[in-house]
Amino acid sequence: MIEFDDVTLTYPDGASRVTAVDSVSLTVEPGTVTCLTGPSGSGKSSLLALAATLIRPDSGRVAIAGSDATRMSGAQASELRRRSIGIVFQQANLIASLTALEQLQVMNELGAPGSRDSRGAATARATHLLEAVGLADQAGRRPHQLSGGQRQRVNVARALMNRPRVLLVDEPTSALDQDRGAQIIEIVLELTASEGTSTLLVTHDAHHFARMDRVLRMVDGVLLAADANSDRNV
Ligand code: ADP
Ligand code: MG
């Protein structure tokens, strides 16, 4: 579960401050995808960064999988990120020297030794996820041997490796053509259902909106129902 309770975030802007996220309250339930849309600069990536515990709000509460991220130390927040949060950004940022399978396996080697799965269990999980994103036959390929769409699929699979409760996906299709972009959205929808993640997905592709559990629009940091005629706060 992702819970935002009256969350406000500002950044310094010369002598004053700019409000990137303005009194946002939001709940994303397990097994559902909430789509965030809205113009550039409206605060969508800032909202994801708050959910990722990468930044702290000025006020309000952000809870991830039941833990209040606004009251944690930096070390607790990074442990929460490692265990409970999967993050997919626009660029896949894969490691050039590793195969698709190894990109996933390495996730199991990060963090405290006691929190790791056995190597065998990690390999089974990685293989299962590569199958789920349609890359079973590409497991031995390195990033330069994969297309942009395939790299983004590895990126989604890697984000799910440690069984996160929360999946945060920021404009995953912006560097892809329409068909490959649609495949990524499809994979995010399927894996949200099968893994039971609470998923926040930023995308501008309106033709996917009907498939989402909910579509919200951000304008100037304020979260609105997506209906263009509605100015109702959510
Ligand atoms: P979006 O993802 O919808 O394009 P962002 O969350 O990136 O929006 O940005 C929201 C607002 O916050 C914009 O006015 C942007 O310029 C500002 N902003 C974003 N990141 C920073 C930062 N690190 N420092 C200062 N201002 C920022
Ligand atoms: Mg953004």
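Remarks
- Amide H contacts of Ser25: Asp6, Val7, each under 5 Å away and 5 or more positions distant or on a separate chain (H built 1.01 Å from N in the peptide plane; Pro and chain starts excluded).
- Count Lys and Arg as plus one, Asp and Glu as minus one, and take only other residues whose Cβ is under 15 Å from that of Arg61; the net charge is then -3.
- Helical segments meeting 18 Å axial Cα length and Kyte-Doolittle -1.0 threshold in the chain (DSSP H): 119-132, 178-195
- What the Cβ-Cβ distance of Ser25 and Gln91 gives, at R0 = 22 Å and to the nearest 0.05, is a FRET efficiency of 0.10.
- Gain upon complete extension [Gln145, Tyr11; 0.36 nm per residue less C-alpha separation]: 44.2 nm
- Heavy-atom surface analysis with a 1.4 Å probe gives the range 129-201 a carbon and sulfur content of 39 percent of its accessible area.
- Extending 7 Å from the Cα toward the beta-carbon at both Asp58 and Ala136 defines two label points whose distance is 5.2 nm.
- Sum of side-chain charges, Val7 neighbourhood, beta-carbon under 13 Å (Lys, Arg +1; Asp, Glu -1): -4
- The chain pair-distance distribution - Cα-Cα, 10 Å bins, rounded %: 8, 32, 35, 20, 5, 0
The values are calculated or read from the model by the stated rules, or taken from the named source; none is laboratory data. On a predicted model such as this, the values are computed, not experimentally measured, just so you know. Positions of Cβ are backbone-derived with ideal geometry, glycine not excepted, and every protein chain shown enters the neighbour counts. Calculation scope for accessible area: heavy atoms of the full protein, side chains included, ligands and nucleic acids excluded. Shrake-Rupley method; radii C 1.70, N 1.55, O 1.52, S 1.80 Å.
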